[in-house]
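Report on the structure given below.
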Amino acid sequence: MSEPTFTTLVSRWYEENARDLPWRGADVSPWAILVSEVMLQQTPVVRVLPAWEAWLARWPEPATLAADSPAEAIRMWGRLGYPRRAVRLRDCALAIVERHGGRVPDRLDQLLALPGVGTYTARAVAAFAYGQRHPVVDTNVRRVVCRAIAGEPDAGPATRPTDLVATEELLPVEPAAAALASAAFMELGAVLCVARSPRCGACPVESICAWRASGREAPAGPTRRPQRYAGTDRQVRGLLLGVLREATGPVPHQRLDQVWADDIQRSRALSGLVRDGLVEPVGESSFRLIGDGPPVPVR
DNA sequence: CATTCGTGGAC
DNA sequence: TGTCCAAGAAT
């Protein structure tokens, strides 16, 4: 017999050490898994946990969400961030009802065609909800494979086709084992092989990690990112939406004017919210969350 | 390929 | 009110 492979070691570690996350349960529906995946897009697990429970208690299946207003979806989204995801998730529920009879599709191409579902989420649902054999590459998997297999510090910010190929080569042939391995890769990246201070001492593949062998080389050049938040349109949008979320129905613009002093930037942010389908004008001088009441008469 | 899009917690 | 980052998607 040969030595245990990378995949075997990580899978074994996962079976012993996986966090007890509710969407990993045996009786969790594809819809519930899809909701978890969308919420987890750029939002930490600890903040998703309560939101996921509340969301599914209210909308246990796609049709129930599709029948409710986008405004309510935005409110239930709370402060998970990137509220467009809430509207897209409702659009997704509508599409599931209209195209797939209310059942989350199991084909990759059909999943990819759903609003708010991209390369990662489509594959995650196909693998975790339906047990199919697909490489599931998120930021964690990309980092783990890049380090342990390629021996490089880190990959770029975006998932590339080569990342899918490299990960696919690591998957067991048997679909269920492949899905478990994907979850294991993600877990390793989320818990041990983290971006800043990886805990290599506790890692199940420390002895065969290419990055470890090369001395844990640091990432190259200063990959600067416009990560700042204070003073950006994003912050202003968040403030505006916060007011609209707390209100019921239309809000006079005078109240919105109070959240930010700069007229130019505030107007731009508000226009952006309208353009993005999160907010709609009501009458001459009021705004509300999209669909938060009877349709606005058009003239 | 580069940008935009929230939010809050750990350093 | 500094920096980094957390299961991405859409454009």
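The values are calculated or read from the model by the stated rules, or taken from the named source; none is laboratory data. Keep in mind the model is a prediction, meaning the values are calculated, not measured. We place every Cβ from the backbone using ideal geometry, glycine too, and count neighbours over all the protein chains shown. Surface areas here come from the heavy atoms of the whole protein model, side chains and all, with no ligands, DNA or RNA. Shrake-Rupley method; radii C 1.70, N 1.55, O 1.52, S 1.80 Å.
Structure values in brief
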item: Residue pairs meeting the criteria (Cβ under 6 Å; at least 6 apart or on separate chains; first over 17 Å from residue A:269 (Cβ atoms), in region A:76-88; second of a type in the set (S, T, N, Q)); result: A:80/A:43
item: Residue within region A:288-295 that is exposed (fewer than 15 other Cβ atoms within 10 Å of the Cβ) and at pLDDT below 90 present; result: yes
item: Some residue of region A:32-43 being touching a strand residue (DSSP E or B) at 6+ places or on another chain (Cβ under 8 Å), open to solvent by 40 Å² or more (accessible area, probe 1.4 Å) and either within 16 Å of DNA strand B (Cβ to nearest atom) or at pLDDT 95 or above (or both); result: no
item: Pairs where the first residue, in region A:233-252, is assigned to a loop (DSSP other than H, G, I, E, B) and the second is of a type in the set (Gly, Ala, Ser), C-beta under 7 Å, 6+ apart; result: A:249/A:293; A:250/A:286
item: Index of the failed condition, residue A:190 passing every other in (1) out of contact with any Cys (no Cβ under 9 Å at 6 or more places or on another chain); (2) assigned by TED's automatic domain parsing to the domain that holds residue A:12; (3) open to solvent by 70 Å² or more (accessible area, probe 1.4 Å); result: (3)
item: Scope region A:103-131; condition open to solvent by 20 Å² or more (accessible area, probe 1.4 Å) and more than 10 Å from DNA strand C (Cβ to nearest atom); matching residues; result: A:103, A:106, A:107, A:108, A:109, A:110, A:129, A:130, A:131
item: Selection from region A:240-281 of residues that are out of contact with any helix residue (DSSP H, G or I) (no Cβ under 8 Å at 6 or more places or on another chain), within 14 Å of DNA strand C (Cβ to nearest atom) and not basic (Lys, Arg); result: A:242, A:261
item: Test result for residue A:233, over 30 Å from residue A:151 (Cβ atoms), modelled with pLDDT of 95 or more and exposed (fewer than 12 other Cβ atoms within 10 Å of the Cβ); result: no
item: Contacts under 6 angstrom Cβ, first residue in region A:119-133 being closer than 14 Å to residue A:31 by Cα, partner among the acidic types (Asp, Glu), 6 or more apart; result: A:121/A:37; A:124/A:37; A:130/A:106
item: Every residue from region A:174-218 that is in a helix (DSSP H, G or I), of a type in the set (S, T, N, Q) and more than 22 Å from residue A:130 (Cβ to Cβ); result: A:207
item: Pick from region A:254-264, criterion assigned to a helix (DSSP H, G or I) and surrounded by fewer than 16 Cβ atoms within 10 Å (Cβ to Cβ), ranking: nearest to DNA strand B (Cβ to nearest atom); result: A:264
item: Test: residue in region A:73-86 that is buried (at least 22 other Cβ atoms within 10 Å of the Cβ), out of contact with any Pro (no Cβ under 7 Å at 6 or more places or on another chain) and outside any loop (DSSP other than H, G, I, E, B); result: yes
item: Evaluation of residue A:71 against (1) away from DNA strand B (no atom under 16 Å from the Cβ); (2) of a type in the set (Gly, Ala, Ser); (3) modelled with pLDDT of 95 or more (one fails), failing number; result: (1)
item: Test: residue A:162 is at negative phi and open to solvent by 60 Å² or more (accessible area, probe 1.4 Å); result: yes
item: In region A:40-70, the residues that are more than 10 Å from DNA strand C (Cβ to nearest atom) and either within 15 Å of residue A:238 (Cα to Cα) or not in a helix (DSSP H, G or I) (or both); result: A:59, A:60, A:61, A:67, A:68, A:69
item: Of the criteria (1) at pLDDT below 95; (2) of a type in the set (S, T, N, Q); (3) surrounded by 15 or more Cβ atoms within 10 Å (Cβ to Cβ), which one residue A:227 fails; result: (3)
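One line per residue, one yes/no per condition, for (1) within 11 Å of DNA strand B (Cβ to nearest atom); (2) more than 26 Å from the chain's Cα centre (by Cα):
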residue	(1), (2)
A:268	yes, yes
A:274	no, no
A:284	no, yes
A:297	no, yes
